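See below for the structure under consideration.
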Amino acid sequence: MPSPSWRIIGRDVYWLSMPDYSTKFFENIWPIPGGVNYNAYLVADGSECLLIDSSKNVYAAEEFIGFLKQVTEPSRIRHIAVLHTEPDHSSLIGEVSNRVGNPVLYSTLRASAFMRSMFNVETRVVKDGDTIRVGGRRLRVIELPWIHWPDTMLLYLEDEGILFSSDAFGAFGALEKPVFDDETDFEQYMRNSKEYFATVVAAYRQMVLRALDKVGKLGLNLRIIAPAHGVVLRSRIPEITEALTSWCGLKSKRKITVIYGSMYGFTERLARHACSILKKRVEEVALHSSVESGVNSVLSDIVDSAGVLLITPTYEGNVFPPLSNIVELLRIKKMGVGKFAAVTVTKLWGGTAASQLSARLSEAGFEVSHVCEYVNYPGERDLTEYEKVLQGFLQKTLEKAE
């Protein structure tokens with residue numbers, strides 16, 4: 001695994017970049033084959049420093065302090081800011097604080113309670129509009145709860161125009177070295193960012209929209225956004241902000257996502273047949289196996305799809321379990337708002353898969369426009385009718401697409 005590394009991103013402002021390739025599932029749910037990065041930051045002035053966040057405990061406190069010594073003498077750290085208490089950022093703060101001489105720790109009121117409960121650590125409470133001073137430098141506190149925890153704050157370094165954005169503007173992907181947005185494969189970064197949004201942030205998208213609006217109205221001289229995961233942003237902030245705003249609104253493109261389950265290949269064949277029909281009318285059709293596709297990419301495709309077609313065999317009278325798991329995530333995150341869904345079920349005998357799937361998709365916010373059931377693989381006449389069903393589904397979905 002690449003070692004932590006650091007980089008200067010402003011006058012006496014240091015990015016501490018800690019790659020994690022060993023964690024296979026973010027939040028122990030979302031597959032991250034490319035790993036994830038934990039970003040901490042140091043802001044210095046004269047004899048004192050502010051440390052912003054730390055790392056997940058994939059690194060030991062001793063390792064982290066050894067890393068800090070590459071940048072500064074740890075005794076200079078007189079302040080530590082906890083932007084939110086999720087353990088992938090706060091796990092080391094208690095131990096680090098004890099070893100560098102008990103600096104003042106700052107957090108929101110909710111974060112203070114969480115730090116006490118989880119780590120037996122006390123913090124000084126700050127609130128929206130307060131200032132944290134490091135020597136002669138000022139960092140403005142911006143409280144933005146529910147991105148994606150209820151205790152979140154951002155910090156804005158006034159003299160450099162740097163916004164330390166916590167989990168906002170985050171992305172999956174470990175970094176071999178700290179790089180800016182204009183020094184990386186930007187298309188890959190946007191895929192990583194969209195997957196991070198779809199899996200970790202999507203349920204809180206209305207709060208994120210309010211946060212973006214609040215930050216916009218503050219009139220900040222914003223030069224750099226320094227998030228807790230992913231690359232630091234400087235050149236393409238407007239483009240990334242526009243994309244994040246679109247994702248938060250679940251804005252639909254002329255795009256259909258097809259998700260299928262298949263035990264013996266019959267429903268897979270039907271899914272591929274459906275795709276061939278859909279592609280005659282719409283350029284972008286994303287096809288996903290509920291078993292083989294990563295759930296991150298499935299949810300990411302649904303974010304900007306106008307409609308979703310789900311095709312499932314009946315399994316012991318129910319929806320095919322891997323597909324059922326995806327639908328449950330859609331229900332939890334309410335990712336069907338403003339979108340259409342169609343359901344296709346194959347079976348040899350009874351079951352309630354169609355009604356189950358329709359009900360849960362409705363709970364996810366989808367308008368379920370078409371439901372079809374077939375005994376085994378549909379026959380030739382059935383396939384002719386099915387094409388008409390898909391055409392009707394397309395007509396409805398594309399009317400609302402951009």
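The values are calculated or read from the model by the stated rules, or taken from the named source; none is laboratory data. Predicted model, so just to flag it, every value in this text is computed and none were measured. Counting neighbours? That spans all protein chains shown, and the Cβs are built from the backbone with ideal geometry, glycine included.
Things to note:
- Of note, residue 117 satisfies the criterion of being surrounded by fewer than 16 Cβ atoms within 10 Å (Cβ to Cβ) and small (Gly, Ala, Ser).
Residue by residue, here is whether (1) under 12 Å from residue 85 (Cα atoms); (2) modelled with pLDDT of 95 or more; (3) among the polar types (S, T, N, Q); (4) assigned by TED's automatic domain parsing to the domain that holds residue 12 holds:
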residue	(1), (2), (3), (4)
117	yes, yes, yes, yes
124	no, yes, no, yes
127	no, yes, no, yes
130	no, yes, no, yes
136	no, yes, no, yes
139	no, yes, no, yes
142	no, yes, no, yes
151	yes, yes, no, yes
154	no, yes, no, yes
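- All positions within the range 98-114 that are surrounded by 18 or more Cβ atoms within 10 Å (Cβ to Cβ) and either at pLDDT 95 or above or farther than 25 Å from residue 17 by Cα (or both): 103, 105, 106, 107, 108, 110, 111, 112, 114
- Scan the range 251-283 for residues that are among the acidic types (Asp, Glu) and either loosely packed, with under 15 Cβ neighbours inside 10 Å or under 17 Å from residue 395 (Cβ atoms) (or both) and the total you get is 1.
- Flag for residue 371 being at negative phi and either in contact with a Phe, Trp or Tyr (Cβ under 7 Å, 6 or more places away or on another chain) or surrounded by fewer than 21 Cβ atoms within 10 Å (Cβ to Cβ) (or both): yes
- Positions within the range 373-389 being assigned to a helix (DSSP H, G or I) and touching a Ser or Thr at 6+ places or on another chain (Cβ under 9 Å), in sequence order: 386, 389
- Filter result for the condition that a residue is in the same structural domain as residue 366 (by TED's automatic domain parsing), more than 19 Å from residue 367 (Cβ to Cβ) and touching a Lys or Arg at 6+ places or on another chain (Cβ under 7 Å), over 298, 303, 327, 285: 285
- Within the range 128-178, if we keep just the residues that are outside any loop (DSSP other than H, G, I, E, B) and of a type in the set (S, T, N, Q), the residue that is surrounded by the fewest Cβ atoms within 10 Å (Cβ to Cβ) turns out to be 131.
- Qualifying residue in the range 355-372 (condition: in a strand (DSSP E or B) and closer than 27 Å to residue 201 by Cα): yes
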